[in-house]
Amino acid sequence: MNVSDYDFELPETLIAQTPLLERTSSRLLVLHSWNGNIEHRSFTDLAEYLKPGDTLVLNDTRVLPARLFGVKADTGAKIELLLLKRMEGDRWEALVRPGKKIHKGAKLSFGISENKRDPLLSATVEEEGEMGARVIRFEYEGIFNELLDQLGQMPLPPYIKEHLSDRERYQTVYSRNEGSAAAPTAGLHFTEPFLEQLQSKGVQICPITLHVGLGTFRPVSVDTIEEHEMHAEWYSVSEESAMLLNEAKARGGRIVAVGTTSARTLETIGQRYQGHPIQSCSGWTDIFIYTGYKFTMVDALLTNFHLPRSTLVMLVSALAGRENVLNAYKEAVNHEYRFFSFGDAMFIT
């Protein structure tokens with residue numbers, strides 16, 4: 001299967017650079033997967049498509065201010081670090097810039113301490129990987145997350161050029177568990193009052209966690225889909241959420257994934273338990289969902305509009321059909337929907 005089969009034309013002017021003033025004021029394209037029909041609605045109309053007994057699954061990961069700007073300790077040359085995931089202790093997987101000049105053994109410095117001599121945060125490159133990936137060990141005094149809050153910036157995707165004045169606009173209102181290198185952007189449209197409105201009509205809210213990592217930033221660089229390898233990301237499902245999912249399955253209610261990260265987590269645990277009751281669990285997943293995949297957990301999906309040739313377009317196409325999805329994207333372009341992280345939403349039912 002060719003990666004080029006998931007390409008489409010997208011005018012750069014449709015890439016949303018800033019979030020809308022109100023989270024729920026985005027547009028909603030509704031795609032009916034069984035016949036390909038499309039409706040153009042507003043995001044709050046989602047309430048009309050969700051039924052009592054549906055279970056809305058939210059990824060409650062919280063984005064780290066994981067972009068650090070510093071210098072090489074020996075030369076003073078400027079460098080950039082993007083933290084992707086904590087490995088153990090103070091060792092992290094990260095992306096570095098400029099990758100060609102930061103090698104194993106390099107010493108990096110971030111911020112200046114009160115004595116104006118020592119850095120607030122020091123790091124040593126311990127391992128080199130491909131495409132700018134490194135394993136970094138940090139040294140510091142105090143609490144790492146507090147230093148990260150002080151020194152770090154939100155890791156906005158490279159296609160967003162505008163400055164984000166309010167960090168919380170790149171967090172969902174229900175974010176709880178810190179650890180992501182990017183936001184689960186389908187959830188950015190929700191407000192607490194709208195979630196309460198959905199609950200009042202009988203929709204169950206089910207939080208799960210998947211920390212978004214390197215795969216979000218790594219393009220598909222092969223020609224055929226089967227050659228692509230997904231990067232592993234950490235997930236967790238609580239005992240209470242496992243119970244909600246089991247109850248939804250038992251009563252025949254729909255499981256509605258908010259975002260591709262929730263969908264990947266749900267399908268991971270679906271494969272893990274293979275029709276048996278779901279238990280509280282955690283682990284690493286590198287599940288790659290593309291056309292031909294048979295969904296076991298996800299019945300409907302709320303998502304944003306994704307990059308051409310991306311694994312996310314492939315996942316959405318597995319659920320709704322490639323031709324239906326590419327036709328919906330063409331419609332979205334013609335109707336000037338806003339694309340990507342701060343863009344409009346799409347509901348596949």
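The values are calculated or read from the model by the stated rules, or taken from the named source; none is laboratory data. Everything quoted here is computed from the prediction, not taken from an experiment. Every residue, glycine as well, gets a Cβ built from its backbone with ideal geometry; the counts of neighbours run over all protein chains shown. Surface accessibility is based on the protein's heavy atoms, side chains included, excluding ligands, DNA and RNA. Shrake-Rupley method; radii C 1.70, N 1.55, O 1.52, S 1.80 Å.
A few remarks follow.
Residues are listed down the side, and each one gets a yes or a no for (1) closer than 29 Å to residue 285 by Cα; (2) open to solvent by 40 Å² or more (accessible area, probe 1.4 Å):
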{"position": "7", "(1), (2)": "yes, yes"}
{"position": "16", "(1), (2)": "no, no"}
{"position": "37", "(1), (2)": "no, yes"}
{"position": "96", "(1), (2)": "yes, no"}
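- For residue 11, the test of being in contact with a Leu (Cβ under 8 Å, 6 or more places away or on another chain) and under 27 Å from residue 215 (Cα atoms) is failed.
- Residue match in region 333-341 (condition: in contact with a strand residue (DSSP E or B) (Cβ under 8 Å, 6 or more places away or on another chain), modelled with pLDDT of 95 or more, of a type in the set (Lys, Arg) and within 24 Å of residue 25 (Cα to Cα)): yes
- Members of region 28-49 that are assigned to a strand (DSSP E or B) and within 21 Å of residue 319 (Cα to Cα): 28, 29, 30, 31, 38, 39, 40, 41
- When each of 320, 345, 328, 300 is tested for being of a type outside the set (Ser, Thr, Tyr) and touching a Lys or Arg at 6+ places or on another chain (Cβ under 7 Å), the lone residue that passes is 300.
- Verdict on residue 69 being open to solvent by 40 Å² or more (accessible area, probe 1.4 Å), touching an Asp or Glu at 6+ places or on another chain (Cβ under 7 Å) and of a type in the set (Phe, Trp, Tyr): yes
- Residue 341 vs. criteria open to solvent by 20 Å² or more (accessible area, probe 1.4 Å) and either out of contact with any helix residue (DSSP H, G or I) (no Cβ under 9 Å at 6 or more places or on another chain) or in a loop (DSSP other than H, G, I, E, B) (or both): no
- Test for residue 315: is it among the hydrophobic types (A, V, I, L, M, F, W, C), part of a helix (DSSP H, G or I) and either within 23 Å of residue 183 (Cβ to Cβ) or open to solvent by 10 Å² or more (accessible area, probe 1.4 Å) (or both): yes
- Qualifying residues in region 111-139 (those that are assigned to a strand (DSSP E or B) and either open to solvent by 90 Å² or more (accessible area, probe 1.4 Å) or free of Cβ contacts under 8 Å to residues at least 24 places away in the same chain (or both)) - the one nearest to residue 71 (Cα to Cα): 124
- Taken over region 72-86, the criterion of being assigned to a strand (DSSP E or B) and open to solvent by 60 Å² or more (accessible area, probe 1.4 Å) is satisfied by 78, 86.
- Strands (runs of 3 or more DSSP E) within region 140-257 that include 3 or more residues buried (at least 18 other Cβ atoms within 10 Å of the Cβ) and touching a strand residue (DSSP E or B) at 6+ places or on another chain (Cβ under 6 Å): 204-210, 233-237
- Considering residues of region 258-303 that are open to solvent by 10 Å² or more (accessible area, probe 1.4 Å) and of a type in the set (Asp, Glu) only, the residue modelled with the highest pLDDT: 299
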